[in-house]
Amino acid sequence: EEEFSSTSARTPFIFDLKDAVSKDGLLLGRKITSIFWGGAYSGEGILKPIFSTHLYPGSYRLSALWVDSYGVYTNRIPAGALRGYGCAESAWAIETQMDIIAKKCGVDAVELRLDNLLSEGERTAITMPVHAFSAHECLTRCAEAIGWGTKSEQPGHPWYRGKGIALGNKYSFAPTAASAEVKVLEDATYELRT
């Protein structure tokens, strides 16, 4: 009981996304408002609105990006620093939006993503450089592995099967830092801390 009442937790975001898209499905710009329910106190979790902004361009080419991101106190358990630090929620919002765009433009969801993906050496809309980027290959292989474009076999009521695809990422702050410490111990051995 105490675990659920006195420890930090993953808390909700509210997202409002508006994308400018060409008729053939190329992303032109994105405006996003996010409201993060920070809980009762400003622990580490309240930094999620900052960290999650790295995900708002997704892995996609955008020439314009407008972000309004808010962390608000709510009468709930304090928000914590959990796996991904706001990335899972942001990726869900962006990838759901990509599916909506594909449907409205009458474009295949995988093709839409491939057509808008950044390439090696480009920068995201928040100027993060893209290196060692294998999203094209990953997305293509995943689509092939699940038989994208073919209907799922239906076992019958009440069970239904479908296919979906999404692309997630997690960028780090730039410039990131690294350090190492070498300690010489009394017995002439070394301890390396990185």
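Quick notes on this one:
- The lone exception for residue 132 - which of (1) open to solvent by 60 Å² or more (accessible area, probe 1.4 Å); (2) closer than 22 Å to residue 26 by Cα; (3) of a type outside the set (Lys, Arg); (4) more than 15 Å from the chain's Cα centre (by Cα) it fails: (2)
- Subset of region 97-120 [open to solvent by 20 Å² or more (accessible area, probe 1.4 Å) and part of a loop (DSSP other than H, G, I, E, B)]: 106, 107, 108, 119, 120
- Cβ pairs under 7 Å, 6+ apart, first in region 132-156 and more than 17 Å from residue 115 (Cβ to Cβ), second exposed (fewer than 10 other Cβ atoms within 10 Å of the Cβ) and among the hydroxyl-bearing types (Ser, Thr, Tyr): 154/160
Quick grid of which residues meet (1) in contact with a helix residue (DSSP H, G or I) (Cβ under 8 Å, 6 or more places away or on another chain); (2) under 29 Å from residue 76 (Cα atoms); (3) among the hydroxyl-bearing types (Ser, Thr, Tyr); (4) without any contact (Cβ under 8 Å) to a residue 24 or more places away in the chain:
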| position | (1), (2), (3), (4) |
| --- | --- |
| 20 | no, no, no, no |
| 23 | yes, no, no, no |
| 26 | yes, no, no, no |
| 34 | yes, yes, yes, no |
| 46 | no, yes, no, no |
| 50 | no, yes, no, yes |
| 61 | yes, no, no, no |
| 64 | no, no, no, no |
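- Of residues in region 21-37 being under 19 Å from the mean Cα position of the chain (by Cα) and among the polar types (S, T, N, Q), the one least open to solvent (accessible area, probe 1.4 Å): 34
A quick yes/no check of all residues on (1) over 17 Å from residue 166 (Cβ atoms); (2) buried (at least 18 other Cβ atoms within 10 Å of the Cβ); (3) in contact with a Lys or Arg (Cβ under 8 Å, 6 or more places away or on another chain):
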| residue | (1), (2), (3) |
| --- | --- |
| 39 | yes, yes, yes |
| 55 | no, yes, yes |
| 72 | yes, no, no |
| 80 | yes, no, yes |
| 84 | no, no, yes |
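- Residues satisfying the stated conditions in region 135-159, i.e. open to solvent by less than 60 Å² (accessible area, probe 1.4 Å) and in a loop (DSSP other than H, G, I, E, B): 147, 152
- Residue, most open to solvent (accessible area, probe 1.4 Å), within region 57-70, restricted to residues that are of a type in the set (Gly, Ala, Ser) and under 17 Å from the mean Cα position of the chain (by Cα): 69
- On inspection, residue 94 fails the criterion of being open to solvent by less than 80 Å² (accessible area, probe 1.4 Å), without any contact (Cβ under 8 Å) to a residue 24 or more places away in the chain and either out of contact with any strand residue (DSSP E or B) (no Cβ under 7 Å at 6 or more places or on another chain) or on the phi > 0 side of the Ramachandran plot (or both).
The values are calculated or read from the model by the stated rules, or taken from the named source; none is laboratory data. Small disclaimer: the values here were computed from a predicted structure and weren't measured. Methodologically, a virtual Cβ is constructed for each residue, glycine included, from the backbone with ideal geometry; neighbour enumeration extends over all protein chains shown. With ligands, DNA and RNA removed, areas are computed over all heavy atoms of the protein, side chains included. Shrake-Rupley method; radii C 1.70, N 1.55, O 1.52, S 1.80 Å.
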